[in-house]
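These notes concern the structure reproduced below.
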Amino acid sequence: MTTGDTLLELQDIDIALMRNKNTLDTMPGVRELAKKRAQYRTLRAEAQKLLGARKDLEIEIADLEARRTHTEDMVTETQTGAQNLTDYRAVQDFETRLSDLGKELDKIDFALAKKRPELDEAQKQERKVLAYMKKFEAAFKAETAQVREHAGDLLSEREKLEKRRENLAGALPADVVERYERARKQFKGLAVEKLVGNHPTVCRIALQPSSMGDLKHAGSITECPYCHRMLVLESSSDSEE
Ligand SMILES: [Zn+2]
């Protein structure tokens, strides 16, 4: 293979690599999966918040129920202790104490009547989100497997192309690679053309006989006088390497 042929193949490989990257980047599944991953994170955060709220309510209700039991015990205790009261003031104190405990019980019951339905609602919401997450996880897993399979082909193709590219670039003189890299940026990929007859393959502007004469003295890789891409001269393939 001549330097020109190697250069042309290097360009073909680079174009194939660009296509491969493009296909991978724009694969519909890839973007969808990224979106779904973000959605899942939001769901998980929501479930975490609901779990926290539910636990808070459970603790509050347990506290209220403990307070209620304790207050009831105190009512019993007060009543037992008051059975033999005769002193007027002591009876009055007893009644005040009992009334206070009754008010405390009312307060606790009022709070419980408010908190219990709140807990029911929190549990319902939490179950709903957890069930949705489970379904979401199953769908996500299936889609990920599908996309991986498809992307896998593209990734192994990319690996092969990259290996070939390394070999080709290694076989070329450093200054040619350098020129090529510069031209590749400038011409967005299509940096090299080949002279067929008196037509360069990319810009296709017929070279004048005078230019053709100049090219005879150029090396195997020169520059197109029109578009300034790297120009591989067809004749070089017989004379070099
Ligand atoms: Zn040209």
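By the rule of a C-alpha distance below 19 Å, with chain neighbours fewer than 8 residues away ignored, the aspartates and glutamates paired with residue 107 are 58, 60, 63, 65, 72, 73, 95, 118. The residues packed around residue 74, meaning those with a beta-carbon under 12 Å from its beta-carbon, carry a net charge of -2 if Lys and Arg are +1 and Asp and Glu are -1. Protein heavy-atom accessible surface, 1.4 Å probe, per residue over the chain: 67 Å². Subtracting the Cα-Cα distance of residue 148 and residue 128 from their residue separation scaled by 0.36 nm leaves 4.2 nm. In this simple spin-label approximation, residue 95 and residue 139 carry label points 7 Å from Cα along the Cα→Cβ vector, and these lie 6.8 nm apart.
For residue 185, the lysines whose Cα comes closer than 29 Å to its Cα, not counting residues fewer than 8 places off in the same chain, are 21, 160, 163, 194, 216.
Computed over protein heavy atoms with a 1.4 Å probe, the carbon and sulfur contribution to the accessible area of the chain reaches 53%.
Bridging of residue 103 to lysines at a Cα separation below 23 Å is possible for 114, 115, once same-chain residues fewer than 8 apart are set aside.
Between residue 198 and residue 175, the simple spin-label model (points 7 angstrom out along Cα→Cβ) gives 2.9 nm. Between residue 107 and residue 27, the contour length at 0.36 nm per residue exceeds the alpha carbon distance by 22.6 nm.
The values are calculated or read from the model by the stated rules, or taken from the named source; none is laboratory data. Computed from a prediction, not measured in an experiment: that's the story for all the values here. Quick reminder, even Gly has a Cβ in these numbers, built from the backbone with ideal geometry, and neighbours come from all protein chains shown. All accessible areas refer to the heavy atoms of the entire protein, side chains included, with ligands and DNA or RNA removed. Shrake-Rupley method; radii C 1.70, N 1.55, O 1.52, S 1.80 Å.
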